[in-house]
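Working notes for the structure below.
The values are calculated or read from the model by the stated rules, or taken from the named source; none is laboratory data. Keep in mind that what you see is a predicted model, and the values were worked out from it rather than measured. As a convention, Cβ positions derive from the backbone with ideal geometry for all residues, glycine included, and neighbour counts pool all protein chains shown. Heads up: the accessible areas ignore ligands, DNA and RNA and are worked out on the full protein's heavy atoms, side chains in. Shrake-Rupley method; radii C 1.70, N 1.55, O 1.52, S 1.80 Å.
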Amino acid sequence: MGVALVTLARVIRADMSPRSITLDDFVKRAVEQGIQNKLNELALQTAGYTREITFRQTDSPDFTLNHTNMRGDTAINGFPELTNAQQTNVAMTETTPLGTTINTVGQWADSGGTLGPAGTLSRPGFTANVTQPIYLFVKNSVLRTRQTADLTFANAKSNFQTTALSLRTQARNFYYTVMLDVESIKVDERKVASSQKLLDVTQALVDAGKSAPIEIMRSKIQLQEDQRQLLNDQVLRDQALLQAKNFAFLPLDADITFVTELEFSPFKVPLQRLIDYAMLHNPNLESLRRSKELAHLQYQAALEPTRPTLSLNGTYNSNDQGTEPDVVSHGWTWTSTVNWLFFDSFVTRDQTRNARIAEWVADLNLQDAERTTRINVQSEYLDIKRTEKQIEDFTFSREQAKRNVDVLRLRFQNGLTTLLDVLDAENQDRSLDNEYLGLLVQFNQSKDSLSQQLGADVETLP
């Protein structure tokens, strides 16, 4: 019984313990479960269905079933004559990627009347029609439609990837903010403990007659200021936690601990490799390249209204005439058609010019984006290297500041320096710690921004 109670108590404590979440787990959760990502996925699904609709309209048939039932009563010289007829049609329509249009209709008709079943006549029939455009002066509009659908869907995938990278960066920033606040609280706690110890030392020195009583008031003021700063940072941490949990769609009342510490390791990927990779894989550049292709397809379509169109049409039909004796007819025809809108008051000319301008604009947008991407990659790289150099230099400054605090405390205890000197040294030490944490956050944020420019995580760059 006692063992069972102990086990139950351990389970309860385990359930009540804070849930730990790493940076990678938090980012994964935010990207996969967050509301913004769900909206992003739904937008991609919509684009996929739109593409499927376009393709099925150009490579799959449509079937239509029609059934007609007719009954009538006609009086001739006072004698009623009944009539009835039924007709069923099955029609198929299909447009192929080659632009071929196929229309077929199968028909079955029954008719009878006062003579009863013996007078019923059945009339089957079948008609097929095939039209094939000849692409001599114009291009295949069906194939152009399919290409447009493919490019539009590819742009939707690029937008999806861009949004996913943006969500990843936002999630990491939320995590960094929480970790920065947590580290700031640790610094504040050390500062409060130090101020409390300093107050105790000051009280002892005043009691021994080695310091003026005013020093006690200064120590108390410094301790209260440090305690207020600690309280402010605790509130900021709690607010950052709420925002982070909301972004990742985590329970707002869950007790969650962010356990990944801010780390630093030198960035060694060469700049030229980053630029080359971004030029090939940046989602915005990929989208603009496809936009240029779409503009070219629209320009081709704008040229064609006033060009001659040629087509061949073949028709085959078979019908039962429904007479006595039965007469079944078969027939086929071939038709060639030429259609030419040779004058439309220069509407096509102006539409073509607009389409050409749109193509030039798409090209200029692509060139501008390529230059901007190159600049952004170089700028983020310079930020990373600058922050990296500052972090490396800070190592010595932080160590020196901590030694300076320890030395001044000993000198103050021995009456060789003033309390203000100690307080200034502690403030400088705290400022350096906070600045170092800020540099760590900035270093990681610059790498995340660089990942967005590359279109891939810079840490896992192939």
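Return the residue satisfying two criteria in turn: it lies in the stretch 124-154 and is over 18 Å from E94 (Cβ atoms) and of a type in the set (F, W, Y), and of such residues it is modelled with the highest pLDDT. So, considering only residues that are over 18 Å from E94 (Cβ atoms) and of a type in the set (F, W, Y), the one modelled with the highest pLDDT is F153. One residue stands out among those in the stretch 47-75 that are among the charged types (D, E, K, R) and modelled with pLDDT under 90: the one that is least open to solvent (accessible area, probe 1.4 Å), which is D59. Checking the structure you have, find out if any residue of the stretch 339-349 is part of a strand (DSSP E or B) and either closer than 30 Å to Y277 by Cα or open to solvent by 70 Å² or more (accessible area, probe 1.4 Å) (or both). Scanning the stretch 339-349 turns up at least one residue that is part of a strand (DSSP E or B) and either closer than 30 Å to Y277 by Cα or open to solvent by 70 Å² or more (accessible area, probe 1.4 Å) (or both). Go through the stretch 195-239 and report how many residues are outside any helix (DSSP H, G or I), open to solvent by less than 90 Å² (accessible area, probe 1.4 Å) and under 15 Å from R409 (Cβ atoms). Of the residues in the stretch 195-239, 1 are outside any helix (DSSP H, G or I), open to solvent by less than 90 Å² (accessible area, probe 1.4 Å) and under 15 Å from R409 (Cβ atoms).
Out of V178, V192, V201, report the one residue that is more than 30 Å from L285 (Cβ to Cβ) and within 25 Å of the chain's Cα centre (by Cα). Sole residue among the options that is more than 30 Å from L285 (Cβ to Cβ) and within 25 Å of the chain's Cα centre (by Cα): V178.
Just the residues that are aromatic (F, W, Y) and under 24 Å from W332 (Cβ atoms), please, taken from the stretch 122-167. Full working, then the answer.
To start, the set of residues in the stretch 122-167 that are aromatic (F, W, Y) comprises 126, 135, 137, 153, 160.
Scanning the stretch 122-167 gives a single hit, F126.
Which of the residues that make up the stretch 448-462 are modelled with pLDDT under 85, part of a helix (DSSP H, G or I) and not acidic (D, E)? Passing the criteria: only T460.
For the stretch 312-334, the condition of being outside any helix (DSSP H, G or I), closer than 30 Å to S431 by Cα and open to solvent by 80 Å² or more (accessible area, probe 1.4 Å) holds for none of the residues. Remark: pairs (first residue in the stretch 130-156, touching a residue at least 40 places away in the same chain (Cβ under 8 Å); second residue of a type in the set (K, R) and surrounded by fewer than 16 Cβ atoms within 10 Å (Cβ to Cβ); Cβ separation under 9 Å; 6+ apart in sequence or on different chains) = F137/R307; V138/R307.
Results for (1) touching a residue at least 40 places away in the same chain (Cβ under 8 Å); (2) within 44 Å of the chain's Cα centre (by Cα); (3) on the phi < 0 side of the Ramachandran plot, shown as yes or no for each residue.
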position	(1), (2), (3)
L410	no, no, yes
L416	no, no, yes
N434	yes, yes, yes
V441	yes, yes, yes
Q445	yes, yes, yes
E459	no, yes, yes
P462	no, yes, yes
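Among the residues of the stretch 382-409, those that are modelled with pLDDT of 80 or more and crowded, with 17+ Cβ neighbours inside 10 Å comprise D383, I384, T387, E388.
Looking across the stretch 98-123, the residues that are modelled with pLDDT of 80 or more and either open to solvent by 50 Å² or more (accessible area, probe 1.4 Å) or out of contact with any helix residue (DSSP H, G or I) (no Cβ under 6 Å at 6 or more places or on another chain) (or both) come down to L98, T100, T101, I102, N103, T104, V105, G106, Q107, W108.
Residues in the stretch 41-57 that are under 17 Å from the mean Cα position of the chain (by Cα) and either among the β-branched types (V, I, T) or outside any helix (DSSP H, G or I) (or both): T46 alone.
I'd like to know if the stretch 285-293 contains one or more residues that are among the aliphatic types (A, V, I, L, M), modelled with pLDDT of 90 or more and within 30 Å of A30 (Cβ to Cβ).
Residues of the stretch 285-293 that are among the aliphatic types (A, V, I, L, M), as a first pass: 285, 288.
The next check asks that each one be modelled with pLDDT of 90 or more; those that pass are 285, 288.
Keeping just the survivors that are within 30 Å of A30 (Cβ to Cβ) gives 285, 288.
Checked the stretch 285-293: at least one residue is among the aliphatic types (A, V, I, L, M), modelled with pLDDT of 90 or more and within 30 Å of A30 (Cβ to Cβ).
Within the stretch 240-268, the residues that satisfy the criterion of being at pLDDT below 90, outside any strand (DSSP E or B) and either in contact with a Leu (Cβ under 7 Å, 6 or more places away or on another chain) or among the charged types (D, E, K, R) (or both) are K245, N246, L252, D253, D255, T260, E261, L262, E263, F264, K268.
Mind listing whichever residues of the stretch 275-284 are of a type in the set (A, V, I, L, M) and surrounded by fewer than 20 Cβ atoms within 10 Å (Cβ to Cβ)? Across the stretch 275-284, the qualifying residues are I275, M279, L280.
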